[in-house]
Amino acid sequence: MKKIGLIGEDPNDTTSIQNLLQNKHKGIFHFKHLLKNKRGYQLDNARTAHSLKIEFEEFDPHFVLFIRDADALITEEKKIRKVHEWFEKLNSVVAQKGILLINIYELEALILADIYTFNKIYGTEIKFSKNVMYQNEPKELLIQKTSKNRKKYRESDCPDIFLKLNFDTVTKNCIYFKNFYDLFMHKVDNN
């Protein structure tokens, strides 16, 4: 069983990605959330590297998945480059065993990639066919589209939603997630 460390801005994000990957690969990976007490921009703190080094050495994972929202569209290269620079600093702490998943714009873009499942869960009829990498503020879109429903979308719903998303649909409709997944599996297969 491969040990995978997870680092993200919020436990909802890391648990969601863990759930999505476990949908595809049941029983193959053992996940552990690292830096659980760090949220959002606390991950940019200088003490983060020191804490990560200790947790990394203690868990000794095969890989560490770094999950960050770009808070930008794919065309906003400066903001995306900033996330890459953050990753490079922390990847050196984990012996270059890191794999970066940048959510373009934010985690909810992956929900838009399988809008059928979301519609089924929330009883909505959202039509979404454009490239998810060009949808700014997907979280706000989902909140707005469910605002009149009895069941309203909340960020804390993500882990449960991601358990139900169709993995193949998400990879087909979200290029950045497919690229991340291909790199992830390449590293898994060659380690």
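The values are calculated or read from the model by the stated rules, or taken from the named source; none is laboratory data. Worth saying up front: this structure is predicted, and the values here are computed from it rather than measured. In this analysis, Cβ positions are derived from the backbone assuming ideal geometry, glycine residues included, and neighbour counts consider all displayed protein chains.
Would you mind listing the helices (runs of 4 or more DSSP H) fully within the range 95-191 where at least 2 residues are aromatic (Phe, Trp, Tyr) and either under 13 Å from the mean Cα position of the chain (by Cα) or surrounded by fewer than 21 Cβ atoms within 10 Å (Cβ to Cβ) (or both)? Correct list: 115-122, 175-189. Listed conditions (1) modelled with pLDDT under 95; (2) of a type in the set (A, V, I, L, M, F, W, C); (3) under 19 Å from residue 7 (Cβ atoms) are all met by residue 180, apart from (1). Of all residues in the range 3-47, count the ones that are modelled with pLDDT of 85 or more and either in a helix (DSSP H, G or I) or closer than 22 Å to residue 188 by Cα (or both). Of the residues in the range 3-47, 30 are modelled with pLDDT of 85 or more and either in a helix (DSSP H, G or I) or closer than 22 Å to residue 188 by Cα (or both). Scanning the range 44-73 for residues that are under 30 Å from residue 139 (Cα atoms), touching a residue at least 40 places away in the same chain (Cβ under 8 Å) and hydrophobic (A, V, I, L, M, F, W, C) returns 49, 52, 63, 64, 65, 66, 67, 73.
Please state which of the following conditions residue 15 fails to meet, knowing it meets all the rest: (1) surrounded by 14 or more Cβ atoms within 10 Å (Cβ to Cβ); (2) of a type in the set (S, T, N, Q); (3) out of contact with any His (no Cβ under 9 Å at 6 or more places or on another chain). Going through (1) surrounded by 14 or more Cβ atoms within 10 Å (Cβ to Cβ); (2) of a type in the set (S, T, N, Q); (3) out of contact with any His (no Cβ under 9 Å at 6 or more places or on another chain) one by one, residue 15 breaks only (3).
For the range 1-59, a residue qualifies if it is of a type in the set (D, E, K, R) and out of contact with any strand residue (DSSP E or B) (no Cβ under 7 Å at 6 or more places or on another chain), and the qualifying residues are 10, 24, 26, 36, 38, 39, 44, 47, 53, 55, 57, 58. Is it true that residue 89 is surrounded by fewer than 17 Cβ atoms within 10 Å (Cβ to Cβ), within 25 Å of residue 156 (Cβ to Cβ) and at pLDDT below 95? For residue 89, the condition - surrounded by fewer than 17 Cβ atoms within 10 Å (Cβ to Cβ), within 25 Å of residue 156 (Cβ to Cβ) and at pLDDT below 95 - is not met. Condition test on residue 67, is it touching an Asp or Glu at 6+ places or on another chain (Cβ under 7 Å), within 22 Å of residue 170 (Cβ to Cβ) and either buried (at least 19 other Cβ atoms within 10 Å of the Cβ) or among the basic types (Lys, Arg) (or both)? So residue 67 fits the description; yes.
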